[in-house]
1. Could you tell me the calculated FRET efficiency between residue 337 and residue 37, based on Cβ-Cβ distance and R0 = 45 angstrom, to the nearest 0.05?
2. Distance in nm between label sites at residue 116 and residue 131, each 7 Å beyond Cα in the beta-carbon direction?
3. Could you rank the peptides 210-223, 60-73 by their average count of other C-beta atoms within 10 Å per residue, with the highest value first?
4. Taking the chain as the reference, fit the longest principal axis to its C-alpha atoms, fit the long axis of helix 62-76 to the helix C-alpha atoms, and give the angle between the two in degrees, 0 to 90, nearest 10.
5. What length, rounded to one decimal in nm, is gained on full extension from residue 123 through to residue 152, with 0.36 nm per residue of separation minus their alpha-carbon distance?
6. Return one number: the angle in degrees, 0 to 90 and rounded to the nearest 10, between the long axis of the Cα atoms of helix 8-37 and the longest principal axis of the Cα atoms of the chain.
7. Where does helix 81-107 land angle-wise versus the long Cα axis of the chain, in degrees 0 to 90, nearest 10?
8. Applying 1/(1 + (r/R0)^6) with R0 = 45 Å to the Cβ-Cβ distance of residue 84 and residue 302, what FRET efficiency is obtained, to the nearest 0.05?
Amino acid sequence: MFANPAYPTYQAFVALGIAALVVLVAMPFWIKLLKIEGIGQQVRADGPQRHLVKQGTPTMGGVVILLAIVVSTLLTGHLTIEVLLAGGAALATGALGLFDDITSVAHGRSLGLTPTAKMVGLSLIVVCFFLLAVNLCGVEPVIRFPGGFAIDLGVLTTTLTVAGATVSIPWLYLVFVFLLLAGMSNAVNLTDGLDGLAGGTVMMAMIVMAAICFLSGDANLATFCAACAGGCLGFLWFNAYPASIFMGDTGSLALGAGFAAVAILTNTEVISLIVGALFIVEALSVMIQVVSFKATGKRVFLMAPIHHHFEKLGWAETKVVIRFWIIAAAFGALGLACFFQLG
């Protein structure tokens, strides 16, 4: 409906606005429904004591975010293969997250699916996305770094003929895609621990990715990124401290996967690691904490992920969130600057 305007950037701005509007209109009804059904967040018992008041707060706000992204993308862009793949990756991981959220609510605990079950689901999604991206979209198994340096991960490639079609499987690149997509999905999920933290930081990251897609010549993929940013923007109205609803795994897993999928489809994987560096820091803090405790019996941080460490130091939740927003914005600016240095 809003495709092919006189000014290409118009499409992205409209996509952001429509997604935000859909969330603003639909979320109150979703919150009311969740309250009627008694579907609320289960807060981890070992977390900060101030978080116990959040017990029972409606969750699964990611359902409305994904609805907004779909509606906005359909209205403002063309459904190219790239858009379908990025959207499909987000929706598939969102469905996995929804099942995880429902499991968590049903069992009355802060844990949903087992790590093994979640990883199996993510693995299937990654493999399907990878095969389609490489063989339908022509994504090259090459990792490009700022400054012109590149690494070819297609040196170990198997070529098969399936139903008359040639299917290429660059194995090293498959491993890299798995680490990026599954890793970023989980990293955003770990970031979603404070009111407004994941929504604000993902919004900034997706705005930068929208700019990168536009500069790469893919206005439709830029529109998808803008829709994701708009969904997060509208969600912040309800998720700002004190939150009326949480996005849950439904939203965090989906947004992380969508972010990584766009990076892969535009061959800006390394740039995405800079843009999304805050998510990586959050994930690394958990890994460091676990390894340190198992190896030495001591913890590096007062609590992981790292945003809880600062809470334990006495920082107010809103201070942690705003400062992390600032850090995310700085990483986004740095990533965009590095994009112009790609060879």
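Bear in mind that the values in this text are calculations on the coordinates, not laboratory data. As the structure is a prediction and not an experimental result, all values here were calculated from the model. All Cβ positions, glycine included, derive from the backbone under ideal geometry; neighbour counts span all protein chains shown.
1. On the way: r = 47 Å, r/R0 = 1.04.
For R0 = 45 Å, the calculated efficiency reads 0.45.
2. 2.5 nm
3. On the way: 210-223: 21.6, 60-73: 25.6.
In descending order of packing, they fall as 60-73, 210-223.
4. Roughly 30 degrees, rounded to the nearest 10.
5. Numbers: separation 29, 0.36 × 29 = 10.44 nm, distance 2.28 nm.
Net length gain for the segment: 8.2 nm.
6. That helix lies at roughly 40 degrees to the long axis.
7. 20 degrees
8. Details: r = 44 Å, r/R0 = 0.97.
About 0.55, to the nearest 0.05.
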